[in-house]
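Participant: Pasting a structure here, questions to come.
The values are calculated or read from the model by the stated rules, or taken from the named source; none is laboratory data. Because the structure is predicted, anything quoted here is derived from the model rather than measured. Cβ atoms come from the backbone with ideal geometry, glycine included; neighbour counts cover every protein chain shown.
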Amino acid sequence: MFIFPGPILIYMDVKTISVLIAFFAVFIATGCTGSQGPPGTEIPAAPAPVPQITTTPADGTRCISYADCVPATCCHPSGCTNKAKAPDCSAKLCTMSCEGPIDCGAGSCGCVDGTCAVVPALSGTAAAAQPVRLNLDVSPQQYSPFMSSTPGIRLSVNATGPAPSDAQFRWSASYGHFLSWNAPDFRVTGLGNPYMNSGETIYWAFIEKPASTKEPVVVTVTAKDGKTGAVLGISTVILDWDGDYAVHVREIR
């Protein structure tokens, strides 16, 4: 039996075109761009933006060295703040009376345990005095917990000046912890953070990677009079991160 192909071909073309039109309509409606996975799979959300990290907290009291700290108010200040939060005193007129703990040489602003604070002049840490200087011997200059030659960064302090024999040394770090590793047994003992001693050599170390490597590690030793608690001197070590599991000594202040 002879069949005319014309109508059938026309019918198939119309059907094919209809299917293609429907397919492209669904394609556009679903927003498919070629990055979609198979049906039923979830598309991962776009990563959240990385928050900006600042080195000065909202209260403005964080510091690394004495130079970071200034009076918190213009007239007769009773406290100190980070210089990034310093008030504008260009148009202020103050009385000449001595009314605060900083006025008339009574004290100065300094960095004590990472916080800007008033340091009484009698403590010897005012800018005009400083009879006690803390010199830190720091080694090695680079450290990773994967090193087998040392349990951490060795910190040895030498106080020059009239420091009392009963002076106490407070060690603190913005990250990590302190250890002891001394003769004769050279057993590693955790000391925590912060830690107080009489000036013996200790080690700084860490185990886990930090939440952020943008912030340096600040290790501070503060010498205080054992009887009065007055601050005698401060020294600081700043460590920068090399990746997630290594640091190097940037500066000793």
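Participant: Would you tally the residues in the range 175-215 being surrounded by fewer than 18 Cβ atoms within 10 Å (Cβ to Cβ), assigned to a loop (DSSP other than H, G, I, E, B) and within 22 Å of the chain's Cα centre (by Cα)?
Facilitator: Residues that pass the stated criteria total 11.
Participant: Among (1) in contact with a helix residue (DSSP H, G or I) (Cβ under 9 Å, 6 or more places away or on another chain); (2) surrounded by fewer than 16 Cβ atoms within 10 Å (Cβ to Cβ), where does V231 come up short?
Facilitator: Every listed condition holds for V231 apart from (2).
Participant: Hey, does the range 161-169 have a residue that's modelled with pLDDT of 95 or more and of a type in the set (S, T, Y)?
Facilitator: No: the range 161-169 contains no residue that is modelled with pLDDT of 95 or more and of a type in the set (S, T, Y).
Participant: Any residue in the range 222-240 that's under 24 Å from A205 (Cβ atoms): show its pairings with residues that are in a strand (DSSP E or B) and among the polar types (S, T, N, Q) at Cβ separation under 6 Å, as long as the two are six or more apart or on different chains.
Facilitator: Every condition considered, the pairs that remain are I234/T222; T236/T220.
Participant: So for the range 124-144 (the condition being of a type in the set (S, T, N, Q) and at pLDDT below 80), does at least one residue qualify?
Facilitator: Keep residues of the range 124-144 that are of a type in the set (S, T, N, Q), which gives 125, 130, 135, 139, 141-142, 144.
Right, trim to at pLDDT below 80 and you get 125, 130.
The answer is yes; a qualifying residue exists.
Participant: Which ones in the range 225-238 are out of contact with any Gly (no Cβ under 9 Å at 6 or more places or on another chain), part of a strand (DSSP E or B) and not hydroxyl-bearing (S, T, Y)?
Facilitator: Of everything in the range 225-238, those that are out of contact with any Gly (no Cβ under 9 Å at 6 or more places or on another chain), part of a strand (DSSP E or B) and not hydroxyl-bearing (S, T, Y) turn out to be V237, I238.
For (1) over 24 Å from V218 (Cβ atoms); (2) basic (K, R); (3) exposed (fewer than 15 other Cβ atoms within 10 Å of the Cβ); (4) at pLDDT 80 or above, each residue gets a yes or a no:
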| residue | (1), (2), (3), (4) |
| --- | --- |
| S78 | yes, no, yes, yes |
| A84 | no, no, yes, yes |
| C89 | yes, no, yes, yes |
| C94 | yes, no, yes, yes |
| C98 | yes, no, yes, no |
| P101 | yes, no, no, yes |
| G105 | yes, no, yes, no |
| C109 | no, no, no, yes |
| V112 | no, no, no, yes |
